[in-house]
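To start, the structure under review is shown below, and the notes come after it.
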Protein chains: 2
Amino acid sequence: MELVKIYECLCDPTRLRLLHVLAQGPVCVCHFQAVLGEPQVKISKHLAYLRARGLVGSERQGNWVIYALPAKPSRELQANLACLQDCARGNPVFKRDLARLKQIEPSCAWVRAGEPQKAPGQCRGG
Amino acid sequence: MELVKIYECLCDPTRLRLLHVLAQGPVCVCHFQAVLGEPQVKISKHLAYLRARGLVGSERQGNWVIYALPAKPSRELQANLACLQDCARGNPVFKRDLARLKQIEPSCAWVRAGEPQKAPGQCRGG
DNA sequence: GAAGCGTATTCCTTGCGGAGAATACGGTTG
DNA sequence: CAACCGTATTCTCCGCAAGGAATACGCTTC
C-alpha cells in the first residue's frame, strides 16, 4: 500500500516539520537548518528519506540543493498534506517554523524565482 | 507531538485496515480475524498497540472483547481518520474488508446494540 | 471444578529507523 | 589546484516494532 509509505514518512517530528515548511514553497537545506534549528546531518538524512519515497524532489543550484514538494502529488499524498496543514494550525512548533521562515525569506527570493544565485553570500538567514 | 503518535499508528497496513473497519462501528476481535484474514495474535497485538495510544477503546462482553473508536476523538485524530476514509475509497483491500464485514454483520447485531450476547454460538461469521 | 472458548501476553528472532561523529562529495572562488 | 562552502554518505550504536509459537488469562458452560 502506498498509503503506508506516506504514513511512514509522516511519523517523525522532523519530517513533519520539513513537509509543513515545504508547503510554503521550495527551500534549500541550509534554510531548513536555520528554520528547524536542527543539525545538518539530521536534516539531510530526513530529506533523503523523503526523497527516496517520492514525497519531495530536489534540484541542485550551484552549492545549494533546493527541495520541493512534487509537482503532481498523488491523491493520497495531496489529501494527507492538506490534513497535515490543517492539524498544524495552532501547534506552536509549526508556527515557530513558519515565523523563522518568514524572517529568512527575503534573503532567498531567488530560490522561489528559480534563478541561479548571484552573490556567493551567506545562505543562512543572517 | 501527538500528531506523530497518530501517524505511528497509521504506518502499518494491518492497523490501517483495523481503523478503517472500525469507522463502520464497534467490532470484536474474532470478526476482525474473519474480515482481515489475519491470525489472532497479529490482530490482538495491533489492537493493543492502538489502544495503548488511545486510538481505540475496548470493552468486554462475556468472552468477547469489542473494540471501538473513541467517542470524542481529538481534532487531529478526527481529521486523519476522515482522511483515511477518503484515501481508502477505491483501494481493493479496504473494499474487500468492508464487503466481508457486511457478510458477517447480521450475526453480530447485538454488538451494535450493546446488548449482552444471548447464545454462546459461533462468533466467526459462518 | 474441568473443559471450552475468545482474547491477551509472553518469549524469541529479525529488521529497520534514529542519532551523532567523521568523512566524502560536488561545485565555486581565488 | 588549493581552499572553501553546502550537502550527502558512510559507520556504529541503540531502541523499537513486527512476526510467529507457545502459553496464560478471563469468562462461560456443563
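The values are calculated or read from the model by the stated rules, or taken from the named source; none is laboratory data. Everything numeric here is computed off the predicted structure, so don't read it as measured data. Cβ sites come from the backbone with ideal geometry, for glycine too, and all protein chains shown count toward neighbours.
For this structure, a couple of remarks:
- The residue that is surrounded by the most Cβ atoms within 10 Å (Cβ to Cβ), among those in the range A:1-54 that are in a loop (DSSP other than H, G, I, E, B) and more than 13 Å from every other protein chain (Cβ to nearest Cβ), is A:Pro26.
- Subset of the range B:55-97 (residues that are assigned to a loop (DSSP other than H, G, I, E, B) and either of a type outside the set (A, V, I, L, M) or out of contact with any strand residue (DSSP E or B) (no Cβ under 7 Å at 6 or more places or on another chain) (or both)): B:Leu55, B:Gly62, B:Asn63, B:Leu69, B:Pro70, B:Ala71, B:Lys72, B:Pro73, B:Ser74, B:Arg89, B:Gly90, B:Asn91
- Considered as a group, the residues in the range B:90-116 that are at pLDDT 95 or above and within 14 Å of another protein chain (Cβ to nearest Cβ) include one that is nearest to B:Glu2 (Cα to Cα), and that residue is B:Phe94.
- Here B:Arg75 clears all of (1) within 10 Å of chain A (Cβ to nearest Cβ); (2) in contact (Cβ under 8 Å) with a residue 40 or more places away in the chain except the condition numbered (2).
- Yes/no for B:Ser58 being more than 13 Å from every other protein chain (Cβ to nearest Cβ) and of a type in the set (S, T, N, Q): yes
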